[in-house]
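Q: Questions regarding the structure given below will be posed in turn.
The numbers here are math on the coordinates, done by the rules we state, and not lab data. These numbers were taken from a predicted model, which means no experiment stands behind them. In this analysis, Cβ positions are derived from the backbone assuming ideal geometry, glycine residues included, and neighbour counts consider all displayed protein chains.
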Amino acid sequence: MGTILRPLLPRKFEYVLFKADSLEPPEDADFTVEQIGPGQEPTPEQQAFFVRCVGSMGFWYQMRWVRRGEGWAWITRNDGQPSSTMFATPAERLRKIFPVITEEKAMNIGPGYTVPEFRGRGLYTKMVQYAANVAKEQGWGPFYGLTSLSNAAAIRGQEKCGLKRVGVWAGTRVLFNLIVMTRRVSD
Ligand SMILES: CC(C)(COP(=O)(O)OP(=O)(O)OC[C@H]1O[C@@H](n2cnc3c(N)ncnc32)[C@H](O)[C@@H]1OP(=O)(O)O)[C@@H](O)C(=O)NCCC(=O)NCCS
């Protein structure tokens, strides 16, 4: 794991990991999708929306892989209004937290964010499916999703889109961020 990821982690965390080899394409998508593909840059308007959703640090961190040509960022719109964001980036860097991630082409789907007024209509679930299908077409897989154990909406969304729960890992940062210690604590 890079020195950049470590300080972004909470000092103590409990993450649920999900996995699937492939996901069904989304059904009945009532939104349009704007894609920032590998090597592409967002427009200033797109960037402002990403920052509003995931913060400037979070956006900058995710965009590192998009810029390197190994990741995607998406914005959805409902009736022209930006409604959610999603990212897909290589999962290999998460091996230090989840030693079960061993596949070279493993892809991490997320984080996703849905604007509060658009929540509860399946945007997150459908965008996880959409993201996995775009990445699979480019030879990526399997697909992982991770979320905090306390995030009931994200856990439900990941289950709904077809990802299977792998387990819960608890971790803590020690020694001024130099080390992240993790262990699997439950299913
Ligand atoms: C998590 C989040 C992205 C879900 O977005 P969404 O577009 O509303 O998700 P979906 O509509 O696909 O719904 C997900 C499921 O969770 C359920 N859900 C929503 N809020 C819930 C809650 N507080 N507790 C339990 N389940 C909840 C929904 O009802 C739905 O399940 P259902 O269809 O069986 O009813 C959104 O709540 C969000 O942006 N949260 C803040 C950012 C975040 O936590 N992102 C996840 C990082 S991994």
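Q: Where does each of Thr85, Thr32 land when they are ranked from fewest to most other beta-carbon atoms within 10 angstrom?
A: So the residues, fewest neighbours to most, are Thr32, Thr85.
Q: Still on this structure: Tally Lys and Arg at +1 and Asp and Glu at -1 over the other residues with C-beta under 12 Å from the C-beta of Ser148: what net charge comes out?
A: Cβ neighbours under 12 Å give a net charge of 0.
Q: Taking Cα atoms, how many degrees apart are the long axis of helix 123-137 and the longest axis of the chain, rounded to 10 and kept between 0 and 90?
A: Relative to the chain, helix 123-137 is tipped by roughly 80 degrees.
Q: Once phi is turned into θ = phi - 60°, what whole-Hz ³J(HN,Hα) does the Karplus curve with 6.51, -1.76 and 1.60 give for every residue of segment 28-36, x standing for Gly and Pro?
A: Working through the residues one at a time gives 6, 6, 9, 9, 9, 10, 10, 10, 9 Hz.
Q: Calculate the radius of gyration of the Cα atoms of the chain to one decimal place, then report Dmax, the largest Cα-Cα distance, as a whole number, both in Å.
A: 15.7, 49
Q: Answer rounded, prolate or oblate for segment 114-157, using the Cα gyration tensor with square roots of eigenvalues a ≥ b ≥ c: rounded when a/c is under 1.5, else prolate when a/b is larger than b/c, else oblate.
A: Oblate shape, in that a/c is at least 1.5 and b/c is the bigger or equal ratio.
Q: Can you check what the net charge comes to around Ile36, using other residues whose Cβ is under 15 Å from the Cβ of Ile36 (Lys, Arg +1; Asp, Glu -1)?
A: Combined, the nearby Lys, Arg, Asp and Glu give 0.
Q: Next question. Based only on other Cβ atoms within 10 Å, what is the fewest-to-most ordering of Arg156, Arg173?
A: Ranking Arg156, Arg173 by Cβ neighbours within 10 Å, fewest first, gives Arg156, Arg173.
Q: For segment 5-186, how many pairs of lysine residues have a Cα-Cα distance under 17 Å, where the two are 8 or more positions apart or belong to different chains?
A: Lysine pair count for segment 5-186: 12.
Q: Moving to a separate point now. Return a whole-number percent for the relative contact order of the chain, with Cα pairs under 8 Å and 6 or more residues apart as the contact set.
A: 32
Q: Round to the nearest 10 and give me the degree value, 0 to 90, for the angle of helix 44-67's Cα axis relative to the longest principal axis of the chain.
A: So the helix axis and the longest Cα principal axis differ by about 50 degrees.
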